[in-house]
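What follows is a single structure, written as structure tokens, with notes after it.
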């Protein structure tokens, strides 16, 4: 059956709302004027503070431990995405059974096998996108570790401040790019959870999308974590 016939007007409207919600959230957090007060942007400032503090340290075991933690977290999410993709493909083989099960659920109309397969392929696409983001972030964090190793030690940095500053900026830029890709992958996972609402129905997809967008916006701009980064030096003293 053609794709256009599988999706009704309600499904198309809900899917459009889902994509617009994802894109709008990304635009607000990454590129809008409000992003300056967001958690992600403020953490980028703390990345610079970390690198400048590192430049003053005689020994950098702390910094290598931090990078190891970042890589392990990224690797964990990348592995989780692989398992999620495998699970989705396993469910595609049971699409007909899933369609039959939905007829017994309240508030859910009977689904055709083709529609179930389309929805599962969409979920696979989301997790594949997330995996590539996490995979690239893992590689960039690895590059950042090398760049941190190239930052001169304190005594050398004092003798050659311009060279040290250039090395620091390279490591900082790589760290920020890696963090941006990690955030994009994590965002895809959150919206993948919202996407699950589509298996219940288009109205539920719209509702779960709105819930995820509002929850993520609150965490970015109104959470305790963001307020803790907004504390000024005068407030701290």
Revision key, fill the gap. The chain, Gaussian network, Cα under 10 Å: of 71, 155, 46, the residue fluctuating most is 155
Practice item. Please give the FRET efficiency for residue 19 paired with residue 200, using the beta carbon to beta carbon distance and R0 = 22 Å, rounded to the nearest 0.05. Key: 0.75
Review point. Build a GNM of the chain with springs between Cα atoms under 10 Å: which of 23, 75, 192 gets the top mean-square fluctuation?
Key: 23
Study note, to complete from the structure: On the formula 1/(1 + (r/R0)^6), with r taken between the Cβ atoms of residue 80 and residue 32 and R0 of 30 Å, the FRET efficiency rounded to 0.05 is 0.50
Check your understanding: How far, in degrees from 0 to 90, does helix 9-30 lean away from the longest principal axis of the Cα atoms of the chain, to the nearest 10?
Key -> 10
Review point. Of (i) 18.9; (ii) 20.4; (iii) 19.6, which is the value of Kirkwood radius over Cα pairs in Å derived from the coordinates here?
Key: (ii)
Practice item. Consider a paramagnetic label point 7 Å from the Cα of residue 156 along Cα→Cβ; state which residues of the range 44-84 have an amide N under 12 Å from it. Key: none
Review point. Build a GNM of the chain with springs between Cα atoms under 10 Å: which of 188, 84, 157 gets the top mean-square fluctuation?
Key: 157
Point to revise | Rounded tilt (10° steps) of 39-56 against the dominant C-alpha axis of the chain | key: 30
Check your understanding: residue 128 to residue 61: extension gain in nm, 0.36 nm per residue of separation minus the Cα-Cα distance?
Key -> 20.7 nm
Study note, to complete from the structure: Measuring from the longest principal axis of the C-alpha atoms of the chain, the long axis of helix 161-195 (C-alpha) lies at a number of degrees, nearest 10, equal to 20
Check your understanding: R0 = 22 Å: FRET efficiency of residue 228 with residue 40, Cβ-based, nearest 0.05?
Key -> 0.95
Point to revise | Estimated [θ] at 222 nm from DSSP helical runs (n ≥ 4, -39500 (n - 2.57)) normalised by residues in the chain, nearest 500 | key: -27500 deg cm²/dmol
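Here, each number is a calculation from the coordinates, and none is a lab measurement. Note that the structure is predicted; figures quoted are calculated from it, not measured. Counting neighbours? That spans all protein chains shown, and the Cβs are built from the backbone with ideal geometry, glycine included.
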